[in-house]
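The values are calculated or read from the model by the stated rules, or taken from the named source; none is laboratory data. Predicted model only: the values in this text are computed from it and were never measured. Backbone-built Cβ (ideal geometry, glycine too); neighbour counts: all protein chains shown.
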Amino acid sequence: MTETPAVAPRGLRIALVCPYSLSRPGGVQGQVLGLARAFVADGHRVTVFAPIDDHVDLPEGVDLVVTGRSVPLPSNGSRAPVSLSPRAAYRSVRSLRAGRFDVVHVHEPFSPGLPYALLLVGGLPPMVATFHRSGDSIFYTLLKPLARRRARRYAVRCAVSEAARTTAQRALDGEYVVLFNGVEIERYRDAEPWPTDGPTVLFLGRHEERKGLGVLLDAFALPSGAVSERVVGSTLWIAGDGPETERLRRLHPGSDRIRWLGVLSEEEKVRRLTAADILCAPSLGGESFGMVLVEAMAARTRVVASDIDGYRDAAGSDAVLVPPGDPSALADALGAVLERPAPDDADDPGLEREAVLDSASARAERWSMRGLADRYEAIYRDLVVGETS
C-alpha cells in the first residue's frame, strides 16, 4: 500500500497590530517585530500595523501599514506613544479588511488608536489578543463600562505572564492562555561585543521613577568605603531617556565612570548588552515580565535586579535579586558579582562564572522567539476554518 505523502500546512496571512510607535524602543514593539521576523522565516505572509513618527524608523524586512503618528499618554507609570488619529485608524481598518488576512493579532488590545477601532467594527477575520500590561491602567479604567462586553470579540486571549493575566482578568474577566515574551536568541549569539575598558554595568530602560534608575545612580554615588572597590572602579552605561533624564543628569553628571548614552539603535543595544559584565534592572514595580533580563541571559551577561514578581518569574535563580529601592543592597549585589578571586586562587573563577552563564543561557532558551511563534501559530491554525493543528 502506497502512503500518501504528508502535505505541509499552507502559510498563513497574519496581521500583527502594535498600538505603540515603532519610533520608540519598547517591549511590546520588540515582541511584534520579533514575531513578524519569525513568522516570515517560516513562510507566512505578515503585515505589521503600527504608528511611526519618522520614516527613517521604518523597520527593514517588515511589511508595514502606518497607523498614524504617536502622542505620549500616561500609562502604568510610563508614557505610551500611541496614535489618536481617527482618520489613520479608519484607513488601517480598510487595509485590514482588504488584506484577506487569516487572523488579526492585537497586542495590548485596550490601548488607544487602531485597537479601539477594532473593538467597534465588523467584517474582520478571527482576532487574537495578547495582554502585556501589569498593574492598574488608565486605558482599562476609561473603557471599563464597555470593556468586558467588547473583549468577547477576541476569539483567544493570551497574556505574557501570570501578572499580566491577573491584571487583564481583574478588569475584563474571561480565560487567558499564559505564554511569555520571546527573545531572538540568535541575535545575541552572533553579536560583536561593544568595546569596554574595564568592568561595566548597563542600565537599559526608560528613565522614569518606576524603572529605578535613580536607585542605581545612588548606589554608584555611595562613598568608596561603603561599597566594593570593584563597584568604585566600574563604568555605568545608561541607555534610554525619559521624563527623569534631565533631573538625574543634573544630580549625576556624565564622567569617565557614568556615561549617558541616550536611546540606542537595536544593533548597539545588542552589542552593549553582550559586552557588559552586568545588566542592572532596579525597577520598583509594575513589571509584568522581565524581558530585558531574558535578553541579558541570552547575551551571557550577569543580571542584578529588583526582587519583584515579573523579574523573579523571568530570571529565577539565574539572577541576583535585591529588595527594590535600596541603594546599599544594590551596591553590595553589584560588588559581589563583579568580585573575582585572585589569579593564584586554587579555584578557577572562570569555570564558576561560565557555569553560571551556561545556566542562565539555557534558561533564556525557554523564552526563544522561535518557540513563541510556534505557540501562536498553533493558536492561529485552530481558529482558521479547514486547518488542522
**Asked** Taking the stated definitions as given, is VAL62 modelled with pLDDT under 95, over 23 Å from SER161 (Cα atoms), touching a strand residue (DSSP E or B) at 6+ places or on another chain (Cβ under 9 Å) and of a type in the set (Val, Ile, Thr)?
**Response** yes
**Message:** Please pick out the residue among PRO81, PRO74, PRO59 that is within 21 Å of the chain's Cα centre (by Cα) and either assigned to a loop (DSSP other than H, G, I, E, B) or among the charged types (D, E, K, R) (or both).
**Reply:** PRO59
**Complete:** Within the stretch 323-334, residues closer than 14 Å to SER283 by Cβ and surrounded by 23 or more Cβ atoms within 10 Å (Cβ to Cβ) come out as LEU330
**Complete:** Going through (1) closer than 28 Å to GLU208 by Cβ; (2) of a type outside the set (Lys, Arg); (3) buried (at least 18 other Cβ atoms within 10 Å of the Cβ); (4) modelled with pLDDT of 90 or more one by one, ASP53 fails only at (3)
**Prompt:** With SER317, SER288, SER361 as the choices, which residue is outside the structural domain of ARG133 (by TED's automatic domain parsing), at pLDDT below 95 and either under 29 Å from ILE14 (Cα atoms) or not in a helix (DSSP H, G or I) (or both)?
**Reply:** SER288
**Asked** If we scan the stretch 76-86, do we find a residue that is under 18 Å from LEU124 (Cβ atoms) and crowded, with 19+ Cβ neighbours inside 10 Å?
**Response** no
**Item:** Residues located in the stretch 10-31, provided they are buried (at least 21 other Cβ atoms within 10 Å of the Cβ) and closer than 18 Å to VAL93 by Cβ
**Value:** ILE14, ALA15, LEU16, VAL17, CYS18, PRO19
**Prompt:** Any idea which of GLY205, GLY225, GLY198, GLY174 is in the same structural domain as LEU22 (by TED's automatic domain parsing), among the small types (Gly, Ala, Ser) and at pLDDT below 95?
**Reply:** GLY174
**Message:** If ALA129 satisfies all but one of (1) in a strand (DSSP E or B); (2) assigned by TED's automatic domain parsing to the domain that holds ALA333, what's the number of the condition it fails?
**Reply:** (2)
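Residues are listed down the side, and each one gets a yes or a no for (1) of a type in the set (Gly, Ala, Ser); (2) in contact with a Ser or Thr (Cβ under 7 Å, 6 or more places away or on another chain):
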site	(1), (2)
GLN29	no, no
ALA50	yes, yes
VAL66	no, no
ARG69	no, yes
ALA98	yes, no
PHE101	no, no
**Request:** Write out, first by first residue and then by second, each pair whose Cβ atoms fall under 6 Å of each other, whose residues are 6+ apart or on separate chains, and whose first residue, in the stretch 305-326, is within 17 Å of LEU217 (Cα to Cα) while the second is assigned to a helix (DSSP H, G or I) and β-branched (Val, Ile, Thr).
**Result:** GLY325/VAL215
